[in-house]
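Worksheet: one structure, shown below.
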Amino acid sequence: MGAPTGKGGAIDPKLVPFEDAIALTGHGKFHHLLLVGCGLCFATFMFQSLSSAYLLPAAACDFQMTVQDKGLLSSMFYVGMICSSHMWGYLADTYGRKKVLICGMLMDSICSFFGSFSHALWLYLIVRFFNGAL
């Protein structure tokens, strides 16, 4: 079954069934690599956002945290995300999604590395904010 055509023999996008549209766009090694790459990026993002549950017991002991401090530490990642989400969308539209994604992941890795050496609660809160912002 061929794709329905409109005027002049061009494919009419309103009339193409889903299966034919997928066949026309193609599918191959690039799409599999793209899925793996984006999946790994998403996995690191989810690890960063959900790691507070695992970090709180150790951080509470190391930093002598109060209940309010624990809540602040848990929320700093999300505060950073909220504060920077519009900026990242603009940068991705302006400079390209690939460049912005690579730059953001690199900066997030550097920030996470230096966060592992934080010795004070205020410094760790700043690192968690930037982890969310990046």
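The values are calculated or read from the model by the stated rules, or taken from the named source; none is laboratory data. Note that the coordinates shown come from a computational prediction; the quantities given were computed from them, not determined experimentally. Cβ: placed from backbone, ideal geometry, glycine included. Neighbour counts: every protein chain shown.
Selection of segment 54-81 for residues being free of Cβ contacts under 8 Å to residues at least 24 places away in the same chain and outside any helix (DSSP H, G or I) yields Gln64, Thr66. Is there a residue in segment 49-70 that is surrounded by 10 or more Cβ atoms within 10 Å (Cβ to Cβ), among the hydrophobic types (A, V, I, L, M, F, W, C) and out of contact with any helix residue (DSSP H, G or I) (no Cβ under 8 Å at 6 or more places or on another chain)? Among the residues of segment 49-70, at least one is surrounded by 10 or more Cβ atoms within 10 Å (Cβ to Cβ), among the hydrophobic types (A, V, I, L, M, F, W, C) and out of contact with any helix residue (DSSP H, G or I) (no Cβ under 8 Å at 6 or more places or on another chain), which makes the answer yes. Quick one: which of Met46, Met76, Met107 is hydrophobic (A, V, I, L, M, F, W, C) and assigned by TED's automatic domain parsing to the domain that holds Leu34? From the options Met46, Met76, Met107, the qualifying one is Met46.
Entry remark, segment 105-134: residues being among the aliphatic types (A, V, I, L, M) and outside any helix (DSSP H, G or I) number 2 in total.
Would you call Asp20 acidic (Asp, Glu) and modelled with pLDDT under 80? Against the criterion (acidic (Asp, Glu) and modelled with pLDDT under 80), Asp20 does not qualify. State which residue is nearest to Asn131 (Cα to Cα) when the search covers only segment 66-83 and only residues that are under 21 Å from the mean Cα position of the chain (by Cα) and hydroxyl-bearing (Ser, Thr, Tyr). So the residue we want is Tyr78.
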